[in-house]
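Shown next, in structure tokens, is the structure this report addresses.
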Amino acid sequence: DGALNISCDAAMPADGYRLEITPGRAEIVGGSAAGAFYAVQTLRQLIPVAAYDATGVRAVELPVVTIEDKPCLGYRGMMLDVCRHFFPVEDVKTYIDILSLHKINKFHWHLTDDQGWRIEIKKYPLLTQIGSRRAETLVGRYDKNKEGVYDGKPYGGFYTQEEIREIVSYAAERHIEVIPEIEMPGHSEEVLAVYPHLSCAGKPHVYDDFCIGNDATFEFLENVLEEVMELFPSEYIHVGGDEATKKGWPTCPKCRARMQREGLKDVDELQSYAVHRLEAFLNARGRRLLGWDEILQGGLAPNAAVMSWRGESGGREAAAS
């Protein structure tokens, strides 16, 4: 029957809090609403697991304790890949619940990849009508030296724009920012399967990279990003950028012409051109570009942020840039 009092103190760090439990009373002071929310998560963690049952939480005794806490990192993130394995809305919400309990404040949502396009784009309905479904799934681990074994079972799924708004709102209520990832220029085989004119080959299932020499590529990507930004208010928009094979670019007439016009000496600089161009597009709309460490190749875009998935060296190089 104890009392719980929650207040804010702007002099404290925004994500920080003080939790004080005394006989008959619990006092929470947060640096902001987020700080107070994190204090409640700590309070939940003080409840013994045995106190929970099917009806909720039974009356329990909490320890008399004072906890002062603040995060050492402003960006505390986890990623969910829904391309290889699709998760229904309720599962995504459960994932967000788990993140909130652990005071995670960024949800990096990997929404597009070769294995399936998972976000509804009104301007390009084939992305979800066809690009969200694959004929079968690889069994076991990929080995580039062996022929893959597949299960022969069709697989698919995507999120409507209304479902995405619902998830973004659900996360925001838990002080979590959702950062969408739209893969480019590589990992785009699912796009090129339905819009093959965006490939250097002009037909599907040859390359998994966009044709950077084709102006239609940038028209497509910018139209997609416009709809993405309408759904996600996040500061960052993740554009992938990893593992582009660049196989079609050296012999593609459009890519070669682009390189000559822009004075680009190799395909790495051609990829950098694409990243710079997309960054300018995002910056003009008040957003920042985020990408994997391969966006360092050919020169880092001036305001881009780098996620280094291949080790510390990418992070060090990005910081030095």
In the Gaussian network model of the chain, springs joining C-alpha atoms below 10 Å, which of Val275, Val49, Val40 carries the largest mean-square fluctuation? Val49
Please check which bits of the range 62-79 a label hung off Glu20 would reach, taking the label as a point 7 Å along Cα-to-C-beta and the cut-off as backbone N under 13 Å. 65-68
Point-to-point label distance, Thr137-His197, nm (Cα→Cβ direction, 7 Å offset): 3.4 nm
Taking only protein heavy atoms and a 1.4 Å probe, the highest-to-lowest accessible-area order of Cys200, Cys72, Cys83, Cys8 is Cys72, Cys8, Cys200, Cys83
Under a plain spin-label model, where a point goes 7 Å from the Cα along Cα-to-Cβ, how far apart in nm are Lys70 and Ala3? 2.9 nm
Compute for the range 113-157: radius of gyration divided by Kirkwood radius, i.e. Rg/Rh, restricted to C-alpha atoms, rounded to two decimals. 1.09
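For a test of the definition: using alpha carbon positions, the gyration tensor, and the 1.5 limit on a/c, classify the range 145-198 as rounded, prolate or oblate.
Numbers: a/c = 2.29, a/b = 1.86, b/c = 1.23.
Taking the square roots of the gyration eigenvalues as a ≥ b ≥ c, the range 145-198 is prolate.
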In whole Å, what are the Cα extents of the range 23-139 along the three principal axes, biggest one first? 61, 34, 28
Note the full-extension length gain between Glu61 and Ile130 as 0.36 nm times their separation in residues minus their Cα-Cα distance, in nm to one decimal. 19.3 nm
Would you mind giving the average projected area, over all directions, of the Cα convex hull of the range 1-84 in nm² with one decimal? 8.0 nm²
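Can you classify the range 125-256 as rounded, prolate or oblate using the Cα gyration tensor, where a ≥ b ≥ c are the square roots of its eigenvalues, rounded means a/c under 1.5, and otherwise it's prolate if a/b beats b/c and oblate if not?
Oblate is the answer for the range 125-256, as a/c is 1.5 or above yet b/c matches or exceeds a/b.
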Under a Cβ-only charge scheme (Lys and Arg +1, Asp and Glu -1), can you give me the dipole magnitude of the chain about the Cα centre, in debye to the nearest 20? 500 debye
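Can you send over the carbon and sulfur percentage of the accessible area for the range 1-144, probe radius 1.4 Å, protein chains only?
Carbon with sulfur: 57 percent of the solvent-accessible area.
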Determine the percent antiparallel among the DSSP beta bridges restricted to the chain, to the nearest 5. 45 percent
Which one of Pro185, Ser132, Leu111 is farthest out on the positive end of the charge dipole of the range 110-219, using unit charges on Cβ (Lys, Arg +1; Asp, Glu -1) and the Cα centre as origin? Ser132
Can you tell me, using C-alpha contacts under 8 Å and at least 6 residues apart, the relative contact order of the chain as a whole percent? 11 percent
Accessible area (Å², per residue) of the range 179-321, counting only protein heavy atoms and a probe of 1.4 Å: 42 Å²
Please report, largest first and rounded to whole Å, the three semi-axes of the ellipsoid equivalent to the range 191-321, where each semi-axis is the square root of five times an eigenvalue of the C-alpha gyration tensor. 23, 19, 14
Compute the Cα gyration tensor for the range 59-108, then decide on rounded, prolate or oblate, letting a ≥ b ≥ c be the square roots of its eigenvalues: rounded whenever a/c is under 1.5, prolate when a/b is larger than b/c in the other cases, and oblate in all that remain. oblate
For the chain, compute Rh as the Kirkwood radius over C-alpha pairs and then the Stokes-Einstein diffusion coefficient at 37 °C and 0.692 mPa s; write the answer in µm²/s, rounded to an integer. 149 µm²/s
Hey, for a label at Glu269 modelled as a point 7 Å past Cα toward Cβ, could you say which residues of the range 219-253 have their backbone N under 20 Å away? 244-253
Using heavy-atom solvent-accessible surface (probe 1.4 Å) with all chains present, what is the largest-first order of Lys144, Lys122? Lys144, Lys122
Which whole number in µm²/s is D for the range 74-145 by Stokes-Einstein, with the Kirkwood Rh taken over Cα pairs at 37 °C and 0.692 mPa s? 232 µm²/s
Probe 1.4 Å, all protein chains in place: accessible area of Arg76 in Å², nearest 10? 40 Å²
Nitroxide proxy distance, nm - points 7 Å out along Cα→Cβ at Gln260 and Glu243: 3.4 nm
Do you know the Lys pair count in the chain for C-alpha distances under 26 Å, with sequence separation 8 or more or different chains? 24
Among Leu43, Leu101, what's the order by accessible area (1.4 angstrom probe), most exposed first? Leu101, Leu43
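The values are calculated or read from the model by the stated rules, or taken from the named source; none is laboratory data. No experiment lies behind these values; they were computed from the predicted model shown. Here the Cβ is made from the backbone with ideal geometry for all residues, glycine too, and neighbour counts use every protein chain on show. Side chains included, ligands, DNA and RNA excluded: accessible areas come from the protein's heavy atoms. Shrake-Rupley method; radii C 1.70, N 1.55, O 1.52, S 1.80 Å.
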